[in-house]
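A short worksheet on the structure shown next.
The values are calculated or read from the model by the stated rules, or taken from the named source; none is laboratory data. Predicted model, so just to flag it, every value in this text is computed and none were measured. Note that each Cβ is placed from the backbone with ideal geometry, even for glycine, and that neighbours are counted across all protein chains shown.
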């Protein structure tokens, strides 16, 4: 993004903030948002209006707390219609006592009530769109595969298809087994696509499902594999389910050891331990872009909604920003967080074990990462612990 466009984006954001605060001195006219937090074996909701210094800390409590199946721990999640109403949440979790048993749980978050007189007591889980998935055949699970060890989940725009990445290293020490990608049709609760990854021992891939936001588009899965060299593959989410190699990445990524794969506007970012690779215009005419180095990366903060051109990621101890995706302009702020989410108002919410931090990316300037952090408590008043992920929603019912 050019400096002129960046300046315009920042001025426009300031203008919107001025309009929303000029009469009341608050942000009440911005879209009201809520956060979904995964911690321990639970999910719960937080009203973002509680994230201010005027709210007593012990009033920053979660509500609609829900237990995941069989005291399982959440591993990954995705949202129905990410760029619009965000009406459903799909969570992948694994049994705490049996690593060979995983669960896919769908929550209809459009039906949550925030009415203070009758708030929703728990997140509504849809049994019709949820299921268990077992490794091997020693189970009564509807889905059973010898390779089953799901580690990452992606969801089609309408919530019909679930894409799972299976990482064998999380379930076995047997190096002879291959990682897989499969697709589940939730209407029939059957596997409609299964792909075996061609990775060397110790290598790891990742997946990203583009949810179509243009009339000419269709949902498309992207992943990276080693088939006579490192390549980017795409798979349109139609009934054919046929993958195609679309870009040679061998020179940029001779070894595949991905921690994450996530969008930044029209680009796709790959995160390895010590580097980022930018794939430009991945959905139209993909090209190999710049390589950025870093000391350590944990996970990317997906940037589908913003056009600021920045890359946001977390290490174990820092929030890192590559301003306009440039190596020379990377910025860092000490912060220990397990995950982050960027909402439609350009706020980035970051989750640590017991705190939620907020960063306004629209007002960001290099050298000035201003973050506000708040202690968060569960419904009983106990500080959070064992946190897993955070995401945002806006379409909650007030009835």
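Check whether at least one residue in region 313-333 is in contact (Cβ under 8 Å) with a residue 12 or more places away in the chain, in a loop (DSSP other than H, G, I, E, B) and buried (at least 22 other Cβ atoms within 10 Å of the Cβ), and report yes or no.
The answer is no, given that none of the residues of region 313-333 is in contact (Cβ under 8 Å) with a residue 12 or more places away in the chain, in a loop (DSSP other than H, G, I, E, B) and buried (at least 22 other Cβ atoms within 10 Å of the Cβ).
What residue, of 64, 70, is at positive phi and in a strand (DSSP E or B)?
64
Scan region 101-149 for residues that are surrounded by fewer than 16 Cβ atoms within 10 Å (Cβ to Cβ) and assigned to a loop (DSSP other than H, G, I, E, B) and report the count.
Going through region 101-149 one residue at a time, the tally reaches 13.
So which residues in region 89-100 are touching a residue at least 40 places away in the same chain (Cβ under 8 Å) and surrounded by fewer than 22 Cβ atoms within 10 Å (Cβ to Cβ)?
96, 99, 100 - these are the residues of region 89-100 that are touching a residue at least 40 places away in the same chain (Cβ under 8 Å) and surrounded by fewer than 22 Cβ atoms within 10 Å (Cβ to Cβ).
How about region 215-312: which strands (runs of 3 or more DSSP E) wholly inside it have at least 3 residues that are buried (at least 17 other Cβ atoms within 10 Å of the Cβ), modelled with pLDDT of 95 or more and within 23 Å of the chain's Cα centre (by Cα)? Explain how you work it out, then say what you get.
Details: elements: 220-226, 230-236, 244-248, 258-264, 267-272, 275-280, 287-293.
Of the strands (runs of 3 or more DSSP E) lying wholly inside region 215-312, those with at least 3 residues that are buried (at least 17 other Cβ atoms within 10 Å of the Cβ), modelled with pLDDT of 95 or more and within 23 Å of the chain's Cα centre (by Cα) span 220-226, 230-236, 258-264, 267-272, 275-280.
Name the strands (runs of 3 or more DSSP E) wholly within region 336-399 that hold at least 1 residues that are closer than 19 Å to residue 53 by Cβ?
Correct list: 347-351, 355-360, 371-375.
What are the residues in region 81-95 that are in a loop (DSSP other than H, G, I, E, B) and either out of contact with any strand residue (DSSP E or B) (no Cβ under 6 Å at 6 or more places or on another chain) or under 19 Å from residue 339 (Cβ atoms) (or both), if any?
81, 82, 83, 84, 85, 86, 87
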